[in-house]
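First the structure, in the form of structure tokens, and then the observations on it.
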Amino acid sequence: MNKLRFLTAGESHGKGLTGILEGIPSGLSLSPEDIDKELKRRQMGYGRGGRMKIESDHAEIISGVRWGKTIGSPISLLIENRDWKNWQEGMSADAEHAGSIPPVTRPRPGHADLAGALKYGHKDIRNILERSSARETAMRVAIGAIAKKFLSECGINIGSYVIQIGNVKLQESGVRSQKSELKRLFEKAEASPVRCPDDNTSQKMTQLIDEALQKGDTLGGIFEVFATGVPLGLGSHIQWDKRLDGRLAQALMGIQAIKGVEIGTGFEMAERFGSEVMDEIFYDGSQFTVHGLPFYRETNHAGGIEGGMTNGMPIVIRAAMKPIPTLRKPLRSVDIITKEPFEAAYERSDTCAVPAAAVIGEAMTALVIADAFLEKFGGDSFEETKRNVNSYMEYLKQF
């Protein structure tokens, strides 16, 4: 990231999670409620496990905000782990508590356990699984909530919905091109226990999750993230690492358990003729149809990005999440100390976390777009950023 920087720290059963976000201009209205509402969304979703009954996440703003507005300095956040009271010795920083709980020596297939233990030289896999846990994404959602607030004040809205869990798919096809349609799908998804915008499909998804739970198994799926109101020209074609689609793909692939990302029609393009998947360009000088532009498209196979740059259409991204590898029906593994075969250790987990992953996807998308937005428009204060945006919009209208 070029204009924004963020870091997270903390372990799943440690005292808490911390995060720092640097680069947000001064003068942006921000409250803990702006962040907590996103944390609550992350904790919802049919198929979540026991951790969600323990935690009710709240982000405390430690720095960077004064009297309800950002002041331009780094924003730091703290989310306390409420289960910490049961782990104060087992996850203590003090050497005197060493050995207070047994080591984890049985790596779980599909996790970071074995590779991490070998890489970092740990004979206790807990040193790996505590940080590689998706618990860390709570802080990413908190930091992403700030980016979402910044973007919303600039007319950019980000949302998501689930289009597949297991083999149950949302039957609506094609990449959305209209802001109103995306808003409708998002609102319907928010009322669904699996964040799917179709009631019949939602019911089938919950039934499939129930089946997986009874079998001691897990499920993955696919979610779609969108961003509307994004101005043309974010990102660049001039170098590989400046292309916005590549930056977005990396951000979503960096979410735990995500194994595939596509922009727009993505992989489906490979199956079709070029004449079927290129978004033809039209012009209507009598009205500014797409974010201040008289140029417009009737389709959105490109997902709002061409040549690594936004083209004024909604950004649409899909991400595929693998089934959670922690199973109540354990998979076979090998003890790293005795080298004897065992059934993999079970840590408290979910049956399906695709609805939550979609919310995390929103956060990461917001951070990347906010970074590209500030790269394009700059500004040390929010008012300066808005002036720069308005000037650019006037230029586009007169092009």
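The values are calculated or read from the model by the stated rules, or taken from the named source; none is laboratory data. None of the values given here were measured: they were computed from a predicted structure. Neighbour counts run over all protein chains shown; Cβ positions are idealised from the backbone, glycine included.
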Report yes if some residue within the stretch 79-97 is under 21 Å from residue 366 (Cβ atoms) and either at pLDDT 95 or above or assigned to a strand (DSSP E or B) (or both); otherwise report no.
yes
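Restricting attention to helices (runs of 4 or more DSSP H) lying wholly within the stretch 175-256, give those where 1 or more residues are within 23 Å of residue 370 (Cα to Cα) and modelled with pLDDT of 95 or more.
It comes to 179-190, 244-253.
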In this structure, does residue 339 turn out to be exposed (fewer than 13 other Cβ atoms within 10 Å of the Cβ), assigned to a loop (DSSP other than H, G, I, E, B) and touching a residue at least 24 places away in the same chain (Cβ under 8 Å)?
no
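Conditions tested, residue by residue: (1) touching a residue at least 40 places away in the same chain (Cβ under 8 Å); (2) more than 17 Å from residue 38 (Cα to Cα); (3) of a type outside the set (A, V, I, L, M, F, W, C).
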site: 139; (1), (2), (3): yes, no, no
site: 149; (1), (2), (3): yes, no, yes
site: 158; (1), (2), (3): yes, no, no
site: 180; (1), (2), (3): no, yes, yes
site: 191; (1), (2), (3): no, no, no
site: 202; (1), (2), (3): no, yes, yes
site: 206; (1), (2), (3): yes, yes, yes
Within the stretch 379-399, restricting to residues that are of a type in the set (Lys, Arg) and in contact (Cβ under 8 Å) with a residue 24 or more places away in the chain, the one that is farthest from residue 152 (Cα to Cα) is 397
On the phi > 0 side of the Ramachandran plot, among the small types (Gly, Ala, Ser) and outside any helix (DSSP H, G or I) - does that describe any residue in the stretch 381-389?
no
Just to be sure I understand the filter: pairs with C-beta atoms under 6 Å, separated by 6 or more residues or on different chains, first member in the stretch 260-282 and closer than 14 Å to residue 316 by Cα, second member assigned to a helix (DSSP H, G or I) and polar (S, T, N, Q). Which pairs pass?
none
Looking only at the stretch 277-303, filter to residues that are in contact with a Gly (Cβ under 7 Å, 6 or more places away or on another chain) and not in a strand (DSSP E or B); which one of those is modelled with the lowest pLDDT?
291
What is the residue count in the stretch 257-275 for residues that are part of a loop (DSSP other than H, G, I, E, B) and at negative phi?
3
Give the residues of the stretch 177-207 that are of a type in the set (Asp, Glu) and either within 22 Å of residue 296 (Cα to Cα) or surrounded by fewer than 18 Cβ atoms within 10 Å (Cβ to Cβ) (or both), sorted by residue number.
181, 187, 190, 199
Determine if the stretch 100-107 includes at least one residue that is surrounded by fewer than 16 Cβ atoms within 10 Å (Cβ to Cβ), touching a residue at least 60 places away in the same chain (Cβ under 8 Å) and in contact with a helix residue (DSSP H, G or I) (Cβ under 6 Å, 6 or more places away or on another chain).
no
Answer yes if at least one residue in the stretch 26-43 is part of a helix (DSSP H, G or I), under 20 Å from the mean Cα position of the chain (by Cα) and among the β-branched types (Val, Ile, Thr), and no otherwise.
yes
Out of everything in the stretch 248-288 that is polar (S, T, N, Q) and buried (at least 17 other Cβ atoms within 10 Å of the Cβ), what residue ends up being nearest to residue 230 (Cα to Cα)?
265
